[in-house]
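Here the structure comes first, spelled out in structure tokens, and everything after it is commentary.
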Amino acid sequence: MPSSITLTTPDHAALSARVAKLLTVESKNRTSWLRLREELERAVILPAEVVSPLVARIGSTFTVRDLDTGERDTFTLSWPEQADVDHGRLSVLTPLGTAVIGYARGDEIVWAMPGGERRLLLEAVDTPVLETQTAR
């Protein structure tokens, strides 16, 4: 597991604001929000146009494999208001969404999930090319 994650400046700012708010209003998932805040604090924050498209961020489609069960899941990482698991859009604030954001293809992730800790391999990440990435 890498010592830090990589986040785009906009994703970091928006996630930090959401976590700060959640920590003041919701106690049910407090442990999860504190863990996400720790991840945000250790993140390398870069402009979106310089972050590798192999790093999971909002808008990325990713495939993750559970290293213990072999189960694979593919989702597009989204904000909670756009999330729709039936259509493959997973909220960044779910345990799996929180686990993968900022990690790159090939990274192994150990994360607390409902039902216990899971060991995951981020097998694939596909991030749409941003207009700012093509205008160099």
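3J(HN,Hα) along the stretch 35-47: 5, 5, 4, 4, 4, 5, 5, 9, 6, 8, 10, 9, x Hz, from the Karplus curve 6.51 cos²θ - 1.76 cosθ + 1.60 with θ = phi - 60°, whole Hz, x for Gly and Pro. Summing +1 for each Lys or Arg and -1 for each Asp or Glu, what net charge is found among the other residues whose Cβ lies under 15 Å from the Cβ of LYS28? Here the count lands on +2. The ranking of PHE62, PHE75 from fewest to most other beta carbons within 10 Å of each one's beta carbon is PHE75, PHE62.
Exposed loop positions in the chain were taken to be GluC sites (Glu not before Pro) whose DSSP state is not H, G, I, E or B and which have at most 14 other beta-carbon atoms within 10 angstrom. Between these positions, the longest stretch is 72-136.
Can you work out the FRET efficiency for the pair ALA13 and ARG72, with r the C-beta to C-beta distance and R0 = 35 Å, to the nearest 0.05? The calculated FRET efficiency here is 0.65. Contact order for the stretch 62-136, expressed relative to its length and based on alpha carbon pairs under 8 Å spaced 6+ residues apart, stands at 30 percent. Length available on full extension from ARG89 to ARG37: 0.36 nm per residue minus the Cα-Cα distance, which gives 16.5 nm. For the stretch 114-119, backbone phi angles converted through the Karplus equation (6.51, -1.76, 1.60; θ = phi - 60°) give residue-by-residue couplings of x, x, x, 6, 10, 9 Hz, Gly and Pro being listed as x. Note on the stretch 6-129: with charges restricted to the Cβ of Lys and Arg (+1) and Asp and Glu (-1), its dipole about the Cα centre is near 340 debye.
For the chain, a Kirkwood radius taken over Cα pairs fed into Stokes-Einstein (10 °C, viscosity 1.306 mPa s) yields D = 105 µm²/s.
A cut-off of 5 Å between modelled amide H atoms, ignoring neighbours fewer than 5 places along the same chain, links LEU67 with ARG119, LEU120, LEU121. Return the long-range amide H neighbours of SER78 (sequence gap of 5 or more, or a different chain), with a cut-off of under 5 Å between placed amide H atoms. Placed amide hydrogens put GLY59, LEU90, SER91, VAL92 under 5 Å from SER78.
So what are the ³J(HN,Hα) numbers for the stretch 11-25, from phi and the Karplus equation (6.51, -1.76, 1.60; θ = phi - 60°), rounded to whole Hz, Gly and Pro as x? Result, rounded to whole Hz: 4, 4, 4, 5, 5, 4, 5, 5, 5, 4, 5, 4, 5, 8, 10.
Taking all Cα pairs closer than 8 Å and separated by 6 or more residues, the relative contact order of the stretch 7-84 comes to 29 percent.
Using C-alpha pairs below 8 Å separated by at least 6 residues, the relative contact order for the chain is 27 percent.
Coordinate-derived values only; no laboratory data. This structure is a prediction, so every number in the text was calculated from the model and none was measured. Ideal geometry is used to build each Cβ from the backbone, glycine not excepted, and the neighbour counts take in all protein chains shown.
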